[in-house]
Amino acid sequence: MSEKRIKFLFYKKYINKNLSKKIKPIITEKALFTNISNNYYTFIFPIYFNKNEISKYLQRVYRIKITKLHTNIYSKKKSNKRILKKTFSGIKFQQFKKAVFKVK
(Lines give C-alpha, C1' and ligand atoms only; values in the text may rest on other atoms or scores of the structure.)
Protein backbone atom coordinates (compact mmCIF):
# COMPACT_ATOMS: atom_id res chain seq x y z
CA MET A 1 0.00 0.00 0.00
CA SER A 2 1.16 3.49 -0.71
CA GLU A 3 1.86 5.99 2.04
CA LYS A 4 -1.06 8.22 0.98
CA ARG A 5 -3.47 5.29 1.21
CA ILE A 6 -2.23 4.42 4.71
CA LYS A 7 -2.68 8.03 5.85
CA PHE A 8 -6.19 8.12 4.35
CA LEU A 9 -7.12 4.96 6.24
CA PHE A 10 -5.60 6.47 9.39
CA TYR A 11 -7.79 9.58 9.13
CA LYS A 12 -10.86 7.57 8.21
CA LYS A 13 -10.32 5.27 11.17
CA TYR A 14 -9.90 8.07 13.69
CA ILE A 15 -12.65 10.29 12.32
CA ASN A 16 -15.11 7.39 12.34
CA LYS A 17 -14.16 6.47 15.89
CA ASN A 18 -15.60 8.54 18.68
CA LEU A 19 -12.94 11.25 18.71
CA SER A 20 -15.40 13.79 20.04
CA LYS A 21 -14.66 12.46 23.52
CA LYS A 22 -10.92 13.02 23.08
CA ILE A 23 -10.98 16.27 21.11
CA LYS A 24 -12.60 19.06 23.09
CA PRO A 25 -12.59 22.84 23.01
CA ILE A 26 -11.13 24.56 26.06
CA ILE A 27 -13.56 26.99 27.64
CA THR A 28 -11.78 29.19 30.18
CA GLU A 29 -11.68 32.94 30.71
CA LYS A 30 -8.30 33.28 29.06
CA ALA A 31 -9.31 31.17 26.08
CA LEU A 32 -12.57 33.07 25.62
CA PHE A 33 -10.86 36.47 25.92
CA THR A 34 -8.29 35.62 23.23
CA ASN A 35 -11.08 34.12 21.13
CA ILE A 36 -13.09 37.33 21.12
CA SER A 37 -10.18 39.69 20.55
CA ASN A 38 -7.97 37.85 18.04
CA ASN A 39 -9.97 34.92 16.54
CA TYR A 40 -7.90 32.30 18.39
CA TYR A 41 -9.44 29.00 19.44
CA THR A 42 -8.04 26.33 21.75
CA PHE A 43 -8.68 22.59 21.58
CA ILE A 44 -7.35 19.50 23.36
CA PHE A 45 -6.05 16.72 21.11
CA PRO A 46 -4.53 13.29 21.79
CA ILE A 47 -0.76 13.33 22.01
CA TYR A 48 -0.20 11.30 18.82
CA PHE A 49 -1.61 14.06 16.54
CA ASN A 50 0.97 16.31 14.88
CA LYS A 51 0.38 19.77 13.43
CA ASN A 52 -0.47 18.57 9.93
CA GLU A 53 -3.00 16.05 11.22
CA ILE A 54 -4.57 18.64 13.53
CA SER A 55 -5.02 21.16 10.72
CA LYS A 56 -6.42 18.55 8.33
CA TYR A 57 -8.82 17.25 10.99
CA LEU A 58 -10.11 20.75 11.79
CA GLN A 59 -10.51 21.59 8.10
CA ARG A 60 -12.48 18.40 7.46
CA VAL A 61 -14.71 18.46 10.51
CA TYR A 62 -15.34 22.20 11.09
CA ARG A 63 -14.63 23.43 7.52
CA ILE A 64 -12.47 26.35 8.59
CA LYS A 65 -9.23 27.81 7.24
CA ILE A 66 -6.37 27.94 9.73
CA THR A 67 -3.71 30.64 9.40
CA LYS A 68 -1.57 29.93 12.49
CA LEU A 69 -1.24 26.84 14.68
CA HIS A 70 0.65 26.45 17.96
CA THR A 71 0.82 23.26 20.05
CA ASN A 72 1.92 22.48 23.61
CA ILE A 73 2.30 19.06 25.24
CA TYR A 74 1.16 18.60 28.83
CA SER A 75 2.21 15.38 30.48
CA LYS A 76 1.91 15.25 34.27
CA LYS A 77 -0.49 16.51 36.91
CA LYS A 78 0.12 16.47 40.62
CA SER A 79 -2.72 15.26 42.79
CA ASN A 80 -3.26 15.19 46.52
CA LYS A 81 -5.74 12.88 48.17
CA ARG A 82 -6.79 13.30 51.78
CA ILE A 83 -7.93 10.19 53.65
CA LEU A 84 -8.48 10.16 57.43
CA LYS A 85 -6.32 13.21 58.23
CA LYS A 86 -3.48 11.98 56.02
CA THR A 87 -2.53 13.36 52.65
CA PHE A 88 -1.18 11.21 49.87
CA SER A 89 0.51 12.93 46.97
CA GLY A 90 1.00 11.38 43.59
CA ILE A 91 1.24 12.03 39.89
CA LYS A 92 -1.45 11.38 37.30
CA PHE A 93 -0.09 10.61 33.88
CA GLN A 94 -2.56 12.37 31.64
CA GLN A 95 -0.86 13.28 28.42
CA PHE A 96 -2.60 15.58 26.00
CA LYS A 97 -1.75 18.18 23.40
CA LYS A 98 -3.21 21.69 23.49
CA ALA A 99 -3.62 23.30 20.09
CA VAL A 100 -4.12 27.05 19.71
CA PHE A 101 -5.03 28.14 16.20
CA LYS A 102 -6.11 31.28 14.43
CA VAL A 103 -9.04 31.23 12.03
CA LYS A 104 -9.08 33.40 8.93
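Got a number for carbon plus sulfur as a percent of the stretch 39-79's accessible area, 1.4 Å probe? Present the calculation step by step, with values, prior to reporting the outcome.
On the way: 1370 of 2840 Å².
Answer for the stretch 39-79: carbon and sulfur cover 48 percent of the accessible area.
Accessible surface of Ser79 in the full protein assembly, 1.4 angstrom probe, to the nearest 10 Å²?
About 40 Å², ignoring ligands and nucleic acids.
Could you run the Karplus curve 6.51 cos²θ - 1.76 cosθ + 1.60 with θ = phi - 60° over the stretch 89-95 and give me ³J(HN,Hα) per residue in whole Hz, x for Gly and Pro?
3J(HN,Hα) across the stretch 89-95, in whole Hz: 9, x, 10, 9, 9, 10, 9.
Kindly write out, for the stretch 79-84 in residue order, the coupling ³J(HN,Hα) from the Karplus curve 6.51 cos²θ - 1.76 cosθ + 1.60 (θ = phi - 60°), rounded to whole Hz, with x marking Gly and Pro.
Whole-Hz 3J(HN,Hα) from phi for the stretch 79-84: 9, 10, 10, 10, 10, 6.
Using DSSP to define loop residues, name the chymotrypsin sites (Phe, Trp or Tyr not before Pro) in the stretch 40-97 whose beta-carbon has at most 12 other beta-carbon atoms within 10 Å. Before the final figure, lay out the partial values.
Numbers: sites: Tyr40, Tyr41, Phe43, Tyr48, Phe49, Tyr57, Tyr62, Tyr74, Phe88, Phe93, Phe96; in loops: Tyr48, Phe49, Tyr62, Phe93.
Answer by residue number: Tyr48, Tyr62, Phe93.
The values are calculated or read from the model by the stated rules, or taken from the named source; none is laboratory data. Here the structure is a predicted model, which means the values were calculated and not measured. Glycine also receives a Cβ, built like all others from the backbone with ideal geometry; neighbour counts cover every protein chain displayed. Protein only, heavy atoms only, side chains kept; ligands, DNA and RNA dropped before computing areas. Shrake-Rupley method; radii C 1.70, N 1.55, O 1.52, S 1.80 Å.
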